[in-house]
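**Student:** My questions will all concern the structure given below.
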Amino acid sequence: SDRVLSLIQPTADSLHLGNYLGALRQWVPLQDSYDAFYGVADLHALTVEPDPVVLKERTLRAAAQLIAAGIDPSRSTVFVQSHVVEHTQLSWVLSCMTGFGQASRMTQFKDKSAKAGSDSTNVGLFSYPILMAADILLYQAAQVPVGEDQRQHLELTRDLAGRFNARYGRTFVVPEPHILKSVGKIQDLQEPTAKMSKSAASPNGLIDLLDDPKINVKKIKSAVTDSGREISFDEDAKPGVSNLLTILAALTDEPMDTLVAGFEGKGYGDLKGAVADAVTAFAAPYRERTLQLLDERTELEKILAEGAAHAREVAHSTITDVYAKVGLLPA
Ligand code: AQP
């Protein structure tokens, strides 16, 4: 069957609600109809120059969270990016086919490098989308479930796949982004016109799924809402309320209309209470499962070793084909 691939970066101790609703949640049902490859992008995480001990720990924590969220390692390949050397090998080949101008137009790089300044921005951050293209193309993934912020990187991936195929003959599946309009961009609770992100200005805008549920309830209760009192879904006029409704609709699987109708005559406090309950209902068992998986570390490491072995088989076959096509002499 067709393949699906997505990775998540181990750049924080906990995944946040945006990562979960925008990406990870979609990974789970896709396991039913696709040959799924899901993993932890530790090579990508090097772009933030993490402490080595912290990076190792976060890689395991991220893997545990994928499984806690419902990824089943007996059906899906769960692996760590650096365990499969072919990612960096393909990344180099694709780098040599990517225009400097095209790479320079990636808005995520522009935003992040503008914030950090060019002396604190490494070349890895610049070539990040090319490594991401390699991650995807290596596995011939047809679908890539990600958040809205990755759309431009997916476009680059599609472009590179098409360019390679045109130059060397059909080699790569051209992947489709799997981005859900409803949850593709979960917003910051304190600044509901910006995406929820771990590098946001205030930690109060971010729901870390592994945090003490009480802390998250407090953050939700103090979320920025909008003027007026009516609860309605209108992202332009009411970004704060709409974001809370989006989170609630996703976590409860309720259609937006029904949800909004249920709040008729009620106030923002009621909405926040319902969101806090829904987040806790999800996050409390998620946190427990994650901690339990981390307690059984050898088991987790075994899952990752098996995942890497399977991922390598697929990756090796792609890179062998690619190396031959571009004219590298077989070893
Ligand atoms: N706010 C969000 N809404 C919806 N989806 C989101 N994603 C991230 N933020 C949101 C999606 O989560 C997946 C994993 O992302 P990542 O590992 O690349 O993490 P990230 O994008 O670096 O997370 P942050 O918090 O946004 O980090 P910074 O602030 O460093 O950029 C991806 O599919 C992503 O789309």
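The values are calculated or read from the model by the stated rules, or taken from the named source; none is laboratory data. Treat the numbers as computed from the prediction; the structure is a model and nothing was measured. Please note: Cβ atoms are built from the backbone with ideal geometry, for glycine as well, and neighbour counts cover all protein chains shown. These area figures cover heavy atoms from the full protein model, side chains too; ligands, DNA and RNA do not enter into them. Shrake-Rupley method; radii C 1.70, N 1.55, O 1.52, S 1.80 Å.
**Student:** Could you compute the longest span of the chain free of trypsin sites (Lys or Arg not before Pro) located in DSSP loops and having at most 15 other Cβ atoms within 10 Å, not counting the site residues?
**Tutor:** On the way: sites that count: R75, R105, R170, K181, R229, K266.
With trypsin sites (Lys or Arg not before Pro) excluded where exposed in loops, the chain gives 1-74 as its longest stretch.
**Student:** I've got another one for you. Compactness ratio of segment 1-138: Cα Rg over 2.2 N^0.38 Å, N = residue count?
**Tutor:** Values: Rg = 15.4 Å, N = 138, 2.2 N^0.38 = 14.3 Å.
Here the Cα radius of gyration is 1.08 times the empirical estimate.
**Student:** Quick one: in segment 216-331, what % of C-alpha pairs are over 24 Å apart?
**Tutor:** Details: 3575 of 6670 pairs.
Counting pairs separated by more than 24 Å, the tail of P(r) holds 54 percent.
**Student:** Charges at C-beta only: +1 for Lys and Arg, -1 for Asp and Glu. How large is the resulting dipole of the chain about its Cα centre, in Debye rounded to 20?
**Tutor:** On the way: 33 positive and 42 negative charges, 131 e Å.
Charge dipole, the chain, about its Cα centre: 620 debye, nearest 20.
**Student:** In nm, to one decimal, how far is the modelled label at D236 from the one at A281, with both set 7 Å along Cα→Cβ?
**Tutor:** It works out to 3.3 nm between the two label points.
**Student:** Whole number please: convex hull volume per residue, Cα atoms of the chain, in Å³. Don't skip to the end; give the middle numbers.
**Tutor:** Working: hull volume 47.7 nm³, N = 331.
Convex hull volume per residue, Cα atoms: 144 Å³.
**Student:** Right, something else. If I build a Gaussian network model for the chain, linking alpha-carbon pairs within less than 10 angstrom, which residue out of A315, A63, A116 has the largest mean-square fluctuation?
**Tutor:** A116
**Student:** Just to make sure I understand: if all protein chains stay in place, what is the order of W92, W27 by accessible area at 1.4 Å, largest first?
**Tutor:** Working: W92 175, W27 0 Å².
Listed by decreasing accessible area, they come as W92, W27.
**Student:** I need the per residue convex hull volume for segment 273-331, using only the alpha carbons, in cubic angstrom as a whole number. The partial results should precede the final answer.
**Tutor:** Working: hull volume 7.5 nm³, N = 59.
Given the Cα convex hull of segment 273-331, per-residue volume reads 128 Å³.
**Student:** List, in the order given, every pair from K185/K221; K214/K302; K56/K198; K115/K185; K185/K302; K181/K325 whose Cα-Cα distance in the structure shown is over 27 Å.
**Tutor:** On the way: K185/K221 21 Å; K214/K302 34 Å; K56/K198 19 Å; K115/K185 21 Å; K185/K302 34 Å; K181/K325 38 Å.
From the list (K185/K221; K214/K302; K56/K198; K115/K185; K185/K302; K181/K325), the Cα-Cα distance tops 27 Å for K214/K302; K185/K302; K181/K325.
**Student:** Quote the Stokes-Einstein diffusion coefficient, in whole µm² s⁻¹, for segment 160-271, based on the Kirkwood radius over alpha carbon pairs, a temperature of 25 °C and a viscosity of 0.890 mPa s.
**Tutor:** Working: Rh = 16.2 Å.
The calculation lands on 151 µm²/s.
**Student:** Taking the Cα centre of segment 191-243 as the origin, how large is its charge dipole in debye, to the nearest 20, when only Lys and Arg (+1) and Asp and Glu (-1) carry charge on their Cβ atoms?
**Tutor:** Working: 8 positive and 9 negative charges, 51 e Å.
Dipole size: approximately 240 debye.
**Student:** Okay, moving on. Rounded to the nearest percent, how much of the accessible area of segment 87-212 (1.4 Å probe, protein heavy atoms only) is carbon and sulfur?
**Tutor:** Numbers: 2990 of 5750 Å².
The value for segment 87-212 is 52 percent carbon and sulfur by accessible area.
**Student:** Rounded to the nearest 20 Debye, what is the dipole magnitude of segment 93-221 about its Cα centre when Lys and Arg each give +1 and Asp and Glu each give -1 at the C-beta?
**Tutor:** Numbers: 17 positive and 13 negative charges, 38 e Å.
The calculation lands at about 180 debye.
**Student:** Let me ask another. Please list, ordered by chain and number, the residues whose modelled amide H lies under 5 Å from the amide H of Q187; skip anything fewer than 5 residues away on the same chain.
**Tutor:** Under 5 Å from the amide H of Q187: M196.
**Student:** Given a Förster distance of 56 angstrom, what is the FRET efficiency for T88 paired with R229, based on the Cβ-Cβ distance and rounded to 0.05? Please report the intermediate quantities before stating the final value.
**Tutor:** Numbers: r = 55 Å, r/R0 = 0.98.
Efficiency, from the Cβ-Cβ distance: 0.55.
**Student:** Given a Förster radius of 51 Å and the C-beta distance between A331 and I215 as r, what FRET efficiency does 1/(1 + (r/R0)^6) yield to the nearest 0.05? Please list the in-between numbers first.
**Tutor:** On the way: r = 53 Å, r/R0 = 1.05.
Efficiency for this residue pair is about 0.45.
**Student:** A further question follows. At a 1.4 Å probe radius, which order do F263, F172 fall into by accessible area, largest first? Please report the intermediate quantities before stating the final value.
**Tutor:** Details: F263 25, F172 0 Å².
From most accessible down to least: F263, F172.
**Student:** Placing +1 on the Cβ of each Lys and Arg and -1 on the Cβ of each Asp and Glu in the chain, which of T59, I303, Q108 has its Cα farthest towards the positive end of the resulting dipole?
**Tutor:** After comparing all options, I get Q108.
**Student:** Return the percentage of antiparallel bridges among DSSP beta bridges fully within the chain, rounded to the nearest 5 %. Could the numbers behind the result be given before it?
**Tutor:** On the way: 2 of 17 bridges.
If I count the DSSP bridges inside the chain, around 10 percent turn out antiparallel.
**Student:** Now, a different point. So what's Rg/Rh here for segment 110-200, counting alpha carbon atoms and using the Kirkwood radius for Rh? Can you show the working numbers first?
**Tutor:** Working: Rg = 15.5 Å, Rh = 14.9 Å.
When Rh is taken as the Kirkwood radius, the ratio is 1.04.
**Student:** Rank these residues by their accessible area, most exposed first, probe 1.4 Å: H310, H153. Could you put the intermediate results ahead of the total?
**Tutor:** Details: H310 70, H153 5 Å².
Highest to lowest solvent-accessible surface, that is H310, H153.
**Student:** Between L291 and E49, what is the FRET efficiency for a Förster distance of 30 Å, r being their Cβ-Cβ separation, to the nearest 0.05? Working shown, then result.
**Tutor:** Details: r = 28 Å, r/R0 = 0.92.
The formula returns an efficiency of 0.60 here.
**Student:** Can you send over the solvent-accessible area of D270, 1.4 Å probe, protein chains only, in Å² to the nearest 10?
**Tutor:** Ignoring ligands and nucleic acids, D270 comes out at about 80 Å².
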